[in-house]
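Engineer: Input: one structure, supplied below.
The values are calculated or read from the model by the stated rules, or taken from the named source; none is laboratory data. Here the structure is a predicted model, which is why all the values come from computation and not from measurement. Cβ: placed from backbone, ideal geometry, glycine included. Neighbour counts: every protein chain shown.
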């Protein structure tokens, strides 16, 4: 299968390398070529990727990972968020649509405000900020695609050089004996990037279309997630973790407080068993050493 990936950030690069190892012909489209990109992945421009797609005679897939994910920056610059999170998807979608590819788009879990139960793919959404609104607009566009896969998720794990990583911030802070403040008021169920990439690959191969939630089973607050990370990294540093109320964080943009997604559709369709979060975090810490 030919796979064209737009956006080579942490997720796009990880997808490109994984799919290339699995035997796919992979083209990565981005301004700059990440140093982590494997030699088996061709780095290309939009025009070159389109030419390759036209010449290709078999099945092919487009994956869009392009996004502006800094929530406060999106709020301060809504036009830029609109272009990155919505218009870019339409641009590549309409360009390739006559070729009838599978189109995969990475959405978000930041589509809700409050709740007590995990949100399924059909539950009503209620974005609370520009980031959430622009990602929802992209989902509405994706609904027009018969062969579209929209992934709602929140992930952690290895990043490419120069990209921010909240886990690394926590680790570096406690290594310097600095206190780390995390809120118990924002709740979600994130998943390791390795499991997310595996899940996306399975859905493409099985041709499972529509909106799919790929998340962990474990529901945690940001404080609880940091607690698990520090316990697995160096339990002696737990005293450096501090709890802070959401109201005292003074975010520029309002945040979703309940981002828990129901992953039963994904686990049933893909026949996947998802490890507990402590196990996923151990895998992340082990990957730092390689």
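Engineer: For a quick check of your reading of the model, give me the residue pairs whose first member lies in the stretch 93-112 and is in a helix (DSSP H, G or I), whose second is modelled with pLDDT of 95 or more and buried (at least 20 other Cβ atoms within 10 Å of the Cβ), with beta-carbon atoms closer than 7 Å and at least 6 apart or on different chains.
Structural biologist: Going by the 7 Å Cβ cut-off, the qualifying pairs are 93/103; 96/62.
Engineer: Check 75, 79, 87 and return the single one that is in a helix (DSSP H, G or I), over 21 Å from the mean Cα position of the chain (by Cα) and surrounded by fewer than 20 Cβ atoms within 10 Å (Cβ to Cβ).
Structural biologist: Numbers: 75 fails: over 21 Å from the mean Cα position of the chain (by Cα); 87 fails: over 21 Å from the mean Cα position of the chain (by Cα).
After applying the criteria, what remains is 79.
Engineer: Now for a different question. Against the condition modelled with pLDDT under 95, under 25 Å from residue 107 (Cβ atoms) and surrounded by fewer than 20 Cβ atoms within 10 Å (Cβ to Cβ), how does residue 250 come out, does it pass?
Structural biologist: Numbers: modelled with pLDDT under 95: yes; under 25 Å from residue 107 (Cβ atoms): no; surrounded by fewer than 20 Cβ atoms within 10 Å (Cβ to Cβ): yes.
Here the answer is no, as residue 250 does not meet what is asked.
Engineer: For the stretch 128-142, state whether one or more residues are surrounded by fewer than 21 Cβ atoms within 10 Å (Cβ to Cβ), within 18 Å of the chain's Cα centre (by Cα) and under 28 Å from residue 285 (Cα atoms).
Structural biologist: Within the stretch 128-142, not a single residue is surrounded by fewer than 21 Cβ atoms within 10 Å (Cβ to Cβ), within 18 Å of the chain's Cα centre (by Cα) and under 28 Å from residue 285 (Cα atoms).
Engineer: Here's a follow-up. Of the residues 147, 152, only one is modelled with pLDDT of 95 or more, closer than 15 Å to residue 63 by Cα, in contact with a strand residue (DSSP E or B) (Cβ under 8 Å, 6 or more places away or on another chain) and surrounded by fewer than 19 Cβ atoms within 10 Å (Cβ to Cβ); which? Show your work before the answer.
Structural biologist: Details: 152 fails: surrounded by fewer than 19 Cβ atoms within 10 Å (Cβ to Cβ).
Residue meeting the stated conditions: 147.
Engineer: What are the residues in the stretch 53-72 that are surrounded by 15 or more Cβ atoms within 10 Å (Cβ to Cβ) and assigned to a helix (DSSP H, G or I), if any?
Structural biologist: Passing the criteria: 53, 71.
Engineer: Another question, if that's okay. Being surrounded by 17 or more Cβ atoms within 10 Å (Cβ to Cβ), within 16 Å of residue 1 (Cβ to Cβ) and touching a helix residue (DSSP H, G or I) at 6+ places or on another chain (Cβ under 6 Å) is the filter here, so list the residues in the stretch 17-52 that pass it.
Structural biologist: Result: 18, 26, 27, 28, 41.
Engineer: A further question follows. I need the full set of residues from the stretch 229-248 which are in a loop (DSSP other than H, G, I, E, B) and in contact with a strand residue (DSSP E or B) (Cβ under 8 Å, 6 or more places away or on another chain), in order please. Walk me through how you get there before you give the answer.
Structural biologist: Of the stretch 229-248, the ones in a loop (DSSP other than H, G, I, E, B) are 244-245.
244, the sole residue that qualifies.
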